[in-house]
Amino acid sequence: MPILVIANPKGGAGKSTLATQMAGYWASRGHKVMLGDADRQQSSRLWLSLRPPALRPIGGWKIGTDAVARPPQGTTHVVIDTPAGLHGRRFDELLRIADRLLVPVQASVFDIYAAQEFLDRIAAERRLQTLRIGLVGMRVDERTRAAEQLREFLQGLAHPLLGMLRPTTNYAHMAAHGLTLWDLRTSQVERDLRQWEPITAWADSA
C-alpha cells in the first residue's frame, strides 16, 4: 500500500495542494484513498468537506495528536498532509510509516534554505536513507530568474525534480470546491495535467 507523505518545514509551501491533488489522482484511478491530515489547520479535511458527493470518493483519516494509527481497513492508497515545522516524535512517526515523501518548494530564497535544511535532516537519519523522496517546484513562473534559480537548486540535490507547477487560479478554484484536476474536463486543465504526469508516474512507480 503506497503511503505518500507531503512535507516541508515552511507554511504556505503548497503541501495541501499536492496532498489533495494526489488523493484525487489516485481516486480517479479507482483506488480506495485515505487523505490524512496531521496539520492543525486541517486544510485537507476542510477540502474533503467541500467535495461533491457525486465525485470519486476520498476517505478522511483523522490523525490524532498522540500517535499515528494504521489506516482504516480496506485502504489501498494513503496521502498524508503535514504541518509546517514538522519535527520531533511527530516527524519520526509520520516518516517511519511513509514509503515515499513529496517535498514542495517555492521559488524564494527562504523556501530554498528551509527545504535544504529539511532534506539534510532527513539524510542524517540513517533509517530514513531508503525513503523515496521527490521534489516539486510550486507556483513557478518559468519566465522568471527566480524560477531558473529554483530549478538549478532542485536539480543539484540528490532527489529527483519531478516537476514545476505553474501559478494558476485553477488550484484556488479547485480548493474552494473540493475538486482536483481529474474531476474537471481535460480541455479546461490540459496544461496542468501535463505538468502532473511525471509526478503521478513517480508516485505510481514500484
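The values are calculated or read from the model by the stated rules, or taken from the named source; none is laboratory data. Worth saying up front: this structure is predicted, and the values here are computed from it rather than measured. We place every Cβ from the backbone using ideal geometry, glycine too, and count neighbours over all the protein chains shown.
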_Filter result for Q41 (under 18 Å from the mean Cα position of the chain (by Cα), loosely packed, with under 15 Cβ neighbours inside 10 Å and at pLDDT below 80)_ = yes
*In the stretch 29-53, what residues are assigned to a helix (DSSP H, G or I) and farther than 24 Å from G163 by Cα?*
R45, L46, L48, S49, L50
*Among residues belonging to the stretch 1-28 that are in a loop (DSSP other than H, G, I, E, B) and either under 18 Å from D99 (Cβ atoms) or β-branched (V, I, T) (or both), point out the one that is farthest from the chain's Cα centre (by Cα).*
M1
*Residues of the stretch 22-38 that turn out to be surrounded by fewer than 24 Cβ atoms within 10 Å (Cβ to Cβ) and touching a residue at least 60 places away in the same chain (Cβ under 8 Å), as a count*: 3
*asked:* Condition first: under 19 Å from D192 (Cα atoms) and either without any contact (Cβ under 8 Å) to a residue 24 or more places away in the chain or touching a Lys or Arg at 6+ places or on another chain (Cβ under 8 Å) (or both). Now tell me which residues in the stretch 135-158 satisfy that.
replied: G137, R139, V140, D141, E142, R143, R151
*Determine, yes or no, whether L131 is surrounded by fewer than 20 Cβ atoms within 10 Å (Cβ to Cβ), under 26 Å from T76 (Cα atoms) and in contact with a helix residue (DSSP H, G or I) (Cβ under 8 Å, 6 or more places away or on another chain).*
yes
*Report the residue count in the stretch 180-206 for those that are out of contact with any Pro (no Cβ under 8 Å at 6 or more places or on another chain), surrounded by 15 or more Cβ atoms within 10 Å (Cβ to Cβ), among the hydrophobic types (A, V, I, L, M, F, W, C) and part of a helix (DSSP H, G or I).*
6
*Provide a single number: the residues in the stretch 106-138 that are over 24 Å from M34 (Cα atoms) and in contact with a strand residue (DSSP E or B) (Cβ under 6 Å, 6 or more places away or on another chain).*
4
